[in-house]
Amino acid sequence: MKPNTKIAAITGGTGFVGKHLIKALIGSGYQVNALTRRPQPKTDNINWIEGDLDNRQSLEKLSQNATIFFHLAGLIKARNEHDFRQVNSKSVETILDVLHHSAKRPHFVLLSSLAARERHLSAYAESKRQGEEILQKFAGDIPWTILRPPGVYGPEDMETLKIFKAIASRIAPMPGGLTNRSSWIFGPDLAQAMIAVARSKNCFHQILDVDDGTKNGYSMQDIYATASNILNIKPLPFVVPKIILKNTARMNVLFSTLFNYIPMVTPDKVNELCFPDWICRGPHVTDMTEWKPQTTLKSGFDLTLKWYKEKKLI
């Protein structure tokens, strides 16, 4: 490693957003220390450190000489509230304790979620909010920034694939109602926003929203219309009532207990899906940095669909 090389530490580097962030960090001249639970192929400019969020020795190696610490690792599905808290909340406290015992005080950038704004909706949302509160309470002299992205999509994302597959089947199911709206952001844009935040002292001790800049976000009709125009397929739109989704979710939880799997669709997740307002409104990354979103929903969906086709997923 060259003298004066900038070092960034990252948890969640093998995930969807993490892959884009690592690529952006290397492109910006950083050496990356990345935590992984499984062996990874040797890659230039990445120092893979095996371990998990409970392994203090691994976290000490991860943070060594880092000037920025990106905490992306988190659960979006879990068996119970305890598991959500352990990863999305408790891990923040563990990392802070490690950093307090290290020589450096890296800028701690926590990737939270817009769901943290509505903590009452689900155990996931509550755990993300608790993680934010732990960071604010125990950071001490460690500078921190919390980012709350909305829906994130792009190459490597498997959730948006469901939208394209639905359209390919000529249907456009809309959970909850036609008036629900949400903000979105393209994964590589989010990665660049995170680097801009990490470099800016203006962002110290701030909770910031980040999205693609579309005022009032999008309706599900907007999302489906954009995707269907790209596929050149006209799907049948229909609303799926919340009560039907809830009953399906309860059955899914029951089956998950019987067949020992972690359910994605739960009553809590239905609360999130049917919530009418996932629009970014808080202080924004664009207010604190020179970063600007580069990708429209149309161009982002084009790139995402291209990746799905290359991987033969659609």
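A compact table of results
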| read-out | value |
| --- | --- |
| Bridge type composition, the stretch 1-153 - antiparallel percent by DSSP, nearest 5 | 5 percent |
| Carbon plus sulfur fraction of accessible area for the stretch 59-210, probe 1.4 Å, in percent | 50 percent |
| Whichever aspartates and glutamates have a C-alpha closer than 17 Å to that of Lys165, once near sequence neighbours (fewer than 8 apart) are set aside | Glu156, Asp157, Asp222, Asp302, Glu310 |
| With Cα atoms, 0 to 90° folded angle of helix 242-259 axis to the chain main axis | 60 degrees |
| Partners for Lys246 among lysines (Cα-Cα distance below 17 Å; same-chain residues under 8 apart left out) | Lys77, Lys269 |
| Gyration tensor verdict on the stretch 144-242 (Cα atoms; rounded if a/c is under 1.5, prolate if a/b is larger than b/c, oblate otherwise) | prolate |
| For the stretch 14-27, 3J(HN,Hα) per residue [Karplus equation, 6.51 cos²θ - 1.76 cosθ + 1.60, θ = phi - 60°, Hz, x = Gly/Pro] | 8, x, 4, 5, x, 4, 5, 5, 4, 4, 5, 5, 4, x |
| Packing-based order for 142-154, 87-99, 159-171, using average beta carbon neighbours within 10 Å, highest first | 142-154, 87-99, 159-171 |
| Using distinct alpha-carbon pairs, which all enter the 1/r mean, Kirkwood radius of the stretch 211-313 in Å | 17.0 Å |
| Solvent-accessible area per residue, Å², over the stretch 66-127 with all protein chains present [probe radius 1.4 Å] | 39 Å² |
| Largest-first principal axis extents of the Cα set of the stretch 46-87 (Å) | 36, 18, 15 |
| Segments 230-242, 270-282 sorted - mean Cβ within 10 Å per residue, highest first | 270-282, 230-242 |
| Per residue accessible area in Å² of the stretch 204-288, where ligands, DNA and RNA are left out and the probe is 1.4 Å | 56 Å² |
| Computed over the stretch 1-135, Kirkwood Rh from alpha-carbon pairs, angstrom | 15.2 Å |
| Isotropic mean projected area of the C-alpha convex hull, the stretch 99-177 (nm²) | 7.6 nm² |
| Residue pairs, from the table Lys19/Lys306; Lys42/Lys309; Lys128/Lys298, whose Cα atoms sit over 20 Å apart | Lys42/Lys309; Lys128/Lys298 |
| Area of Met251 that stays accessible when all protein chains are in place (1.4 Å probe, Å², to 10) | 90 Å² |
| Of all DSSP beta bridges in the chain, antiparallel share, percent nearest 5 | 10 percent |
| Diffusion coefficient, µm² s⁻¹, Stokes-Einstein with Kirkwood Rh over alpha-carbon pairs of the chain at 10 °C and 1.306 mPa s | 78 µm²/s |
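The values are calculated or read from the model by the stated rules, or taken from the named source; none is laboratory data. Since this is a predicted model, take the numbers as computed values, not measurements. Neighbour counts run over all protein chains shown; Cβ positions are idealised from the backbone, glycine included. To get the accessible areas, we keep the full protein, side chains included, count just its heavy atoms, and leave off ligands, DNA and RNA. Shrake-Rupley method; radii C 1.70, N 1.55, O 1.52, S 1.80 Å.
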